[in-house]
Amino acid sequence: MNDIRTQYDEFAQDFSVNQEEKNQINRFEMRSMTGTDLTNQKVLDLACGDGIDAEYYRTIGATVVGLDASQSLIDIAKTKYPSVEFIQGFAENIPFENNSFDAVFTKYAIMTSPDMKQIFNEMFRVLKPGGLLVYLVTHPFRQFIERKKLASDYFKQVIVDCLILEGTVELKEPTHTMNEYFNLDFFSKFEMIDYKEVWDPAAEQINGGKYPGFFIVKAKKK
């Protein structure tokens, strides 16, 4: 799984260029969910990529730390956005103390782990009481379709190949069920504020269908 978590090292530069040129509806939907005023908020951008979102959060008032598994993307982020602190690391072991952040924002990240429970535990741990969590992930329905097998077992985890950024980048992801995102453990830690499913025109369109490419959750730490 570490190979999957660091796969961006292989195409970091292409990803950084293409995500600025191709349709990025996820970026705008994510920003809409996080809000437009983060004045004096300490934000963790978990799986920050090349830093484009972290820089945005900084420009609207936040003090931001970006964390990503890919050292290559972290190197790009440091060059592009020197006013933001960037660190290489994994979401399963966030290198910060308890109650460190007012908000944790993460996009296309936690679903790259085969077992997300530890990541939810870590996000809960580093958030201050009442802190804001916004996460965006590949929709399980999309992952199921991307198996491309009529006899697929939704409940069996497999690795799927998914095309993003209008087919310019191919990724590997473990599949997940909705229950892995929404279960008693999650609701014991967080209060959900908002939820949105979105069609992603930049994702691969299997058989010409129109279905949710990702969903976004907005919640606060209990």
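Any read-out appearing in this document is the output of simple, stated calculations on the displayed coordinates, not a laboratory observation. Please read all numbers here as calculations on a predicted model, not as lab measurements. Note: ideal-geometry Cβ built from the backbone for every residue, glycine included; neighbour counts use all protein chains shown.
Scanning segment 208-220 for residues that are more than 19 Å from M30 (Cβ to Cβ) and touching a Lys or Arg at 6+ places or on another chain (Cβ under 9 Å) turns up just one, Y211. Applying a threshold of 9 Å to beta carbon distances and a minimum spacing of six or more residues, or different chains, the list of pairs starting in segment 201-222 at a residue that is over 22 Å from V134 (Cα atoms) and ending at one that is in a strand (DSSP E or B) and aromatic (F, W, Y) reads K210/W199. Applying the set (1) outside any strand (DSSP E or B); (2) over 27 Å from I159 (Cα atoms); (3) not aromatic (F, W, Y) to D102 leaves exactly one unmet item: (1). Close Cβ contacts (under 9 Å, 6 or more residues apart or on different chains) running from residues in segment 146-161 that are within 14 Å of N179 (Cβ to Cβ) and in contact (Cβ under 8 Å) with a residue 40 or more places away in the chain to residues that are surrounded by 10 or more Cβ atoms within 10 Å (Cβ to Cβ) and not acidic (D, E) comprise Q157/P114; Q157/P174; Q157/T175; Q157/H176; Q157/T177.
Annotation: of all residues in segment 187-213 being touching a helix residue (DSSP H, G or I) at 6+ places or on another chain (Cβ under 8 Å) and over 24 Å from E146 (Cβ atoms), the one that is surrounded by the fewest Cβ atoms within 10 Å (Cβ to Cβ) is D194.
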